[in-house]
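Working notes, structure below.
Read the figures in this text as sums done on the coordinates, not as results from a lab. Remember, predicted model here, so these are calculated numbers, not experimental data. Every residue, glycine among them, receives a Cβ derived from its backbone with ideal geometry; neighbour counts consider all protein chains shown.
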Amino acid sequence: MARIVVTGGAGFLGSHLCDALLARGDEVVCLDNLATGSTHNIEHLFGRSDFTFVEHDVSTYVWVPGPVDTVMHLASPASPIDFERIPIQILKVGGLGTHNTLGLAKAKGARFFLSSTSEVYGDPQVHPQPETYWGNVNPIGPRGVYDEAKRFAEAMTMAYHRHHGLDVRIVRIFNTYGPRMRPDDGRAVSNFIVAALRGEPITIYGDGSQTRSFTYVDDEIRGFLALLDSDVTTPTNIGNPDEYTIRELAEMVIEVTGSTSEITTHPLPVDDPMQRKPDITKARELLGWEPTVHVRDGIARTAEHFAKLLADR
Ligand code: NAD
Ligand code: UDP
């Protein structure tokens with residue numbers, strides 16, 4: 001049994017990670033300032049002796065009393081609507097938050113796990129994207145606050161690894177969806193499912209020919225644990241390589257939910273990547289990991305979650 005600090009543990013991915021760690025017998029200390037997360041995601045864990053929640057902004061000094069085996073740094077807003085709403089907080093948690101949590105890991109002699117993103121590849125000119133691709137990011141555009149914060153976080157993590165000998169893991173996450181996403185999160189999967197369930201128009205940005213590869217949350221978290229338990233210290237893509245255009249995604253959501261929604265269009269946001277698909281050769285070969293949930297099944301499970309949420313409102 002390990003004692004694991006999870007930053008961002010009250011968020012979508014973080015709360016599923018807390019569940020998975022507790023299920024395998026680890027003890028979890030969750031740090032979250034609830035900027036985009038919610039105690040609803042973790043309230044089922046309150047009262048357990050192996051789970052502690054501390055409301056804290058990790059962009060300020062971080063300290064956790066007692067032994068710590070692993071620090072998993074997931075804290076960061078992740079939706080494009082947040083890039084415009086709270087850009088400085090995003091830069092701070094990717095920069096200062098990563099520095100503080102690396103400092104905690106170093107002080108405790110703990111392993112450090114960074115949640116990075118496919119956004120480090122920007123609008124990629126290499127397709128699909130292997131980990132060796134350095135990316136094509138506009139540093140000063142509206143998405144730069146997130147993309148560059150994550151690139152800095154990776155650079156800082158590798159510097160701690162090389163300079164201080166810190167044991168590190170870096171996961172590059174590709175668009176992940178599932179229960180506990182916020183209905184007003186602004187991302188394509190949640191927007192489309194909520195609109196479909198309400199019978200409202202589904203809005204695709206641009207002509208919908210841009211592509212993404214969508215990973216169901218259970219697959220993603222299984223990938224996190226495989227990477228955490230491995231000895232791979234360099235960045236590793238964890239994502240479902242099945243690639244769809246955004247129009248195909250919208251059509252699939254309508255079909256799976258049996259909705260009567262129409263599809264409408266809206267101008268494409270600035271710097272919206274035109275294509276994205278992980279090369280997962282490294283995860284397959286070194287971790288024995290690959291996704292198992294087809295996007296249709298994942299949409300159905302996520303729609304069930306949103307249907308309950310909307311009914312309760
Ligand atoms: P989320 O917004 O649901 O979770 C992020 C959590 O971090 C929230 O609970 C939020 O309150 C917390 N947080 C933000 N700033 C904080 C701070 N300064 N101090 C403490 N807590 C803070 O988003 P998510 O989708 O669960 O993303 C989790 C991580 O995964 C993020 O690092 C994100 O960049 C990364 N990621 C997610 C995706 C995806 O598709 N979901 C893709 C790539 C990367
Ligand atoms: N998108 C869309 N309609 C929406 C929300 C998003 O067409 O209501 C598009 C968006 O422009 C992007 C894709 O869907 O091309 C995926 O967007 P998301 O915000 O989910 O993730 P990211 O752009 O960060 O990959």
Item to complete: Post the alpha-carbon centroid distance, the range 246-305 to the range 125-173, in whole angstrom.
Response: 23
Fill in: Amide hydrogen neighbours beyond the local backbone of Val168, cut-off 5 Å, H modeled
Phe112
Item to complete: Specify the residue with the greatest mean-square fluctuation among Gly97, Gly199, Gly298, computed from a Gaussian network of the chain linking alpha-carbon atoms under 10 Å apart.
Response: Gly199
Worksheet entry | J(HN,Hα) series, the range 180-189, from Karplus relation 6.51 cos²θ - 1.76 cosθ + 1.60, nearest Hz, glycine and proline x | 5, 5, 6, x, 9, 5, x, 7, 4, 4
Worksheet item: Going by how many other Cβ atoms sit within 10 Å of their own, how do Tyr133, Tyr61, Tyr121, Tyr177 line up, fewest first?
Response: Tyr61, Tyr133, Tyr177, Tyr121
Fill in: Interchain or long-range residues, amide H under 5 Å from Thr176's placed H
Thr215
Worksheet entry | Theoretical gain in end-to-end length, Thr292 to Arg198 [0.36 nm per residue, Cα-Cα removed] | 30.9 nm
Response to the item:
Answer in debye to the nearest 20: the dipole magnitude of the range 92-234 about its Cα centre, from +1 Lys/Arg and -1 Asp/Glu charges placed on Cβ, is 460
Worksheet entry | Check: the chain dipole with +1 on Lys, Arg Cβ and -1 on Asp, Glu Cβ, in debye | 600
Worksheet item: How much length is gained on full extension from Asp167 to Leu310, taking 0.36 nm per residue of separation minus their Cα-Cα distance?
Response: 47.2 nm
Fill in: Of Lys150/Lys282; Lys108/Lys277; Lys150/Lys308, pairs whose Cα-Cα distance is over 30 Å
Lys108/Lys277; Lys150/Lys308
Response to the item:
Under the Karplus relation with 6.51, -1.76 and 1.60 and θ = phi - 60°, whole-Hz ³J(HN,Hα) for the range 161-177, x at Gly and Pro, equal 5, 6, 7, 9, x, 5, 7, 10, 9, 10, 9, 9, 8, 9, 1, 10, 9
Worksheet item: Among residues other than Val137 whose Cβ falls under 11 Å from its Cβ, what is the net charge (Lys/Arg +1, Asp/Glu -1)?
Response: -2
Worksheet entry | ³J(HN,Hα) computed for each position of the range 255-260 - Karplus, 6.51 cos²θ - 1.76 cosθ + 1.60, integer Hz, glycine/proline x | 5, 5, 8, x, 7, 9
